[in-house]
Amino acid sequence: MAKKTATKKAATKKAPAKKATTKKAPAKKATAKKATAKKAPATKKAPAKKATAKKAPVAKKATAKATTKKAPAAKKAKSARKPNAAFMKALTPSADLAAVIGSASVPRTEVVKKLWAYIKKNNLQNPKNKRNIMADEKLAKVFGKKEVTMFELASLIGKHLK
């Protein structure tokens, strides 16, 4: 009986070792499944080209490379944008704003460009914080205060355009 209990103890000790190996095996299978899952989308794209290139496996690789080269060309065609008509509409500046940028009717985008040119020409950016603009006499009439941030600039200009 003592031998039987010793063999049972040995068997119970071996059993956890087997469980550890069985736990590792499913983990390997899971990684194998992930690898096949990653490969699946690539194989889905390939059947569309198989009808034209069944003769040689080298041709399949060439067509796969050709499709990847064609995709960026399609993106370039999409990147060509039209300017928004609302931004390009010529607006008349108020008398206060006209003293800074001129009295000609210009689009909103050009108004901002001319204002920044004026600000840089007259060194009106705060040297400690470049995001802030210190208004001189002309800009104080447009802004309504002595110092504004660059983010407020567009909203303050809107009040002076018609």
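The values are calculated or read from the model by the stated rules, or taken from the named source; none is laboratory data. A quick note: this is a predicted structure, and the numbers were derived from the prediction, not measured. Reconstructed Cβ throughout: ideal geometry from the backbone, glycine too, with neighbour counts over all protein chains shown. Quick note on the areas: whole protein, heavy atoms, side chains included, nothing else; ligands and nucleic acids left out. Shrake-Rupley method; radii C 1.70, N 1.55, O 1.52, S 1.80 Å.
How many residues are in contact with a helix residue (DSSP H, G or I) (Cβ under 6 Å, 6 or more places away or on another chain), open to solvent by less than 70 Å² (accessible area, probe 1.4 Å) and closer than 11 Å to Val100 by Cα when one looks only at segment 135-156? Steps first, answer last, please.
Of the residues in segment 135-156, the ones in contact with a helix residue (DSSP H, G or I) (Cβ under 6 Å, 6 or more places away or on another chain) are 135, 138, 141-143, 156.
Filter once more, so that each one left must be open to solvent by less than 70 Å² (accessible area, probe 1.4 Å): 135, 142-143, 156.
If we keep only those that are closer than 11 Å to Val100 by Cα as well, we get 142.
Count: 1.
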- Task: Please indicate, with yes or no, whether at least one residue in segment 112-134 is open to solvent by 80 Å² or more (accessible area, probe 1.4 Å) and touching a residue at least 40 places away in the same chain (Cβ under 8 Å).
- Result: no
- Note on the structure: Here the qualifying pairs (Cβ atoms under 7 Å; residues six or more apart or on different chains; first in segment 137-157 and in contact (Cβ under 8 Å) with a residue 40 or more places away in the chain; second surrounded by 14 or more Cβ atoms within 10 Å (Cβ to Cβ) and of a type in the set (Asp, Glu)) come out as Lys141/Asp96; Val142/Asp96
- Pairs with Cβ under 8 Å, 6+ apart, first in segment 78-98 and assigned to a loop (DSSP other than H, G, I, E, B), second among the small types (Gly, Ala, Ser) and open to solvent by less than 100 Å² (accessible area, probe 1.4 Å): Thr92/Ser105
